[in-house]
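First comes the structure, then the notes that go with it.
The values are calculated or read from the model by the stated rules, or taken from the named source; none is laboratory data. It should be emphasised that the depicted structure is a prediction, and the values quoted were computed from it without experimental measurement. Neighbour counts run over all protein chains shown; Cβ positions are idealised from the backbone, glycine included. Surface accessibility is based on the protein's heavy atoms, side chains included, excluding ligands, DNA and RNA. Shrake-Rupley method; radii C 1.70, N 1.55, O 1.52, S 1.80 Å.
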Amino acid sequence: KKALVYVTGGISKSGSLENQAQLEASINAAVKSNVAIFPIDARGLMADPPGGAASTASSRGGMSLSTYNNQRATINDSQETLVTLAADTGGKAFLDSNDLSLGLKQVQEQYASYYILGYNTQNNTMDGRFRKITVRLKDPIPGAKLDFRNGYYADKLWKNFNGDDKERQLKDALMSDNPVTDIPLAVEVDYFRISPTAYFVPVSVKIPGSVIALAQKKAVGETEFDFIGNVMDERKQVQGMVRDFIHIKLPTTEAEKVASRNFHYDAGFTLSPGRYRMRFLVREGQSGKMGTFDTRFVIPDLAADSMTLKTSSIVWSSQREMLKAAVGSAEQVGRKIATANPLITGEQKIVPNIGNVFRRGQNLYVDFDVYDAAPDPEHADARRVAVMMSLFNQKGEKAFEVGPVKATKLVGTRPNAVPVQIQFPLKGLAPGHYVCQLNVIDEVGRKFAFPRANMVVQ
């Protein structure tokens, strides 16, 4: 049971249909969320003088009885809306009182204890309609008063949802404390420095095709995905949002293989260094199934670290795809976006391997940036970065080694960044678990970094 204390100076009616519709929509949303609204009129007790107050002049020709009645009616109308909000949501309106704390105390006392009554309805029709409830005392008690919700909204079949229902369901599910797990999601969050104080944060989402049922229409299989998400900082302020709709349309020959494939979606945010929490929700359009992913991540302040060699996230991948072939992204990939995104090279996009599980028939791609390496004494616009990569099996034995790979060129779209790209086939590795270690060396500045990651080869 939840209470919303709404301190206001009254809500005036505009007399238009839109205003009444908004009022009803607000009441319905509160009832569906089990929220009782307790409005407090901050104006207190009002007694406007007939001749006009300091802020309101009297009418021309003096104050007639009808004018005074209209003045009083305006005040009553602005309070009537508050009474309606309270009555229809199970709350109480506090009017004509100069003590604002009185209402807060009464709400606190009312919610100090209450009974929860439950029952099983015999009406199993899933039409989403409002169903009234009445609670009565079997033996009335003098002076007793019952406060209870007037009813609830029945469940509604996905096929009967309209556009407003679908949008409300998405937003409610995103804000809910109870995550939805009908669709399992895997998400990877990376970071790349794009200015001294800003980082581009690509977010990659993997959706297993085994839980998706494509609708067969003519010679193709179709479905849609709704994506909604936000990123909040430690003060719980939203620093980034994504809302997207992707339509999937595959030929019959490809649709038959969906169960063994994954759908990949990507978005991106620009953030400052700090700690963040990201909530992401996906809904599939044919069945209405949803999946929530909630994670916390840290964007480091690389400017504060001068002792070690600075790098971006290490992106492990087994796939490059053409931009036109992507399942979906949060934005249409224009030239400006493609230039700013470190995961886009030319006409190709790096698809992160979320979970670091690879097959022996694949290639392993490793991509990252090295920042603030010392200039080459012979070429001021070049750097000397050497990278070696070693794979160790479960016995701690070195199973494979690559390098050293030399990286010398600065990238023009990110400040003082040297991009590193490594590629090699996995066919020579035995299936199993490995630890992959990168030895990154700034040969001029004499600084080092040794990032590690676990990986599985099948």
Calculated Rg and Dmax of the stretch 159-309 using C-alpha coordinates, Å: 17.8, 62
Equivalent-ellipsoid semi-axes of the stretch 110-177, from the Cα gyration tensor, Å, largest first: 32, 17, 10
Model label zone, Val135; criterion: amide N under 18 Å from point 7 Å along Cα-to-beta-carbon; scope the stretch 91-112: 91-93, 107-112
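How much of the DSSP bridge set in the chain is antiparallel, in percent, rounded to the nearest 5?
That works out to approximately 90 percent antiparallel.
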Rounded accessible area per residue of the chain, 1.4 Å, Å²: 58
The chain: angle of helix 100-110 to the longest principal axis, Cα-based, in degrees nearest 10: 80
Filtered GluC sites (Glu not before Pro), the stretch 365-416: DSSP coil and at most 12 other beta carbons within 10 Å: Glu378, Glu397
Quarter of Cα convex hull surface for the stretch 97-245, i.e. mean projection, nm²: 17.9
The stretch 105-157: chymotrypsin sites (Phe, Trp or Tyr not before Pro) in DSSP loop, at most 10 other beta carbons within 10 Å: Tyr114, Tyr115, Tyr119
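For Ala154 and Gln437, calculate 0.36 nm times their separation in residues minus their Cα-Cα distance, and state this gained length in nm to one decimal.
Details: separation 283, 0.36 × 283 = 101.88 nm, distance 5.53 nm.
Between Ala154 and Gln437, full extension yields an extra 96.4 nm.
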Cubic angstrom per residue, convex hull over Cα atoms of the stretch 380-458: 107
Long-range HN-HN contacts of Lys289 with modeled amide H, under 5 Å: Glu284
Cα-Cα P(r), the stretch 194-263, percent of pairs per 5 Å interval: 3, 12, 18, 18, 13, 10, 9, 8, 5, 2, 0
Surface share of carbon and sulfur [accessible, 1.4 angstrom probe, percent] for the chain: 51
Mean projection area, nm², convex hull over Cα of the stretch 348-406: 6.6
Area projected by the alpha carbon convex hull of the chain, averaged over all directions, nm²: 35.5
Separation of the Glu24 and Lys1 label points, Cα + 7 Å toward Cβ, nm: 2.9
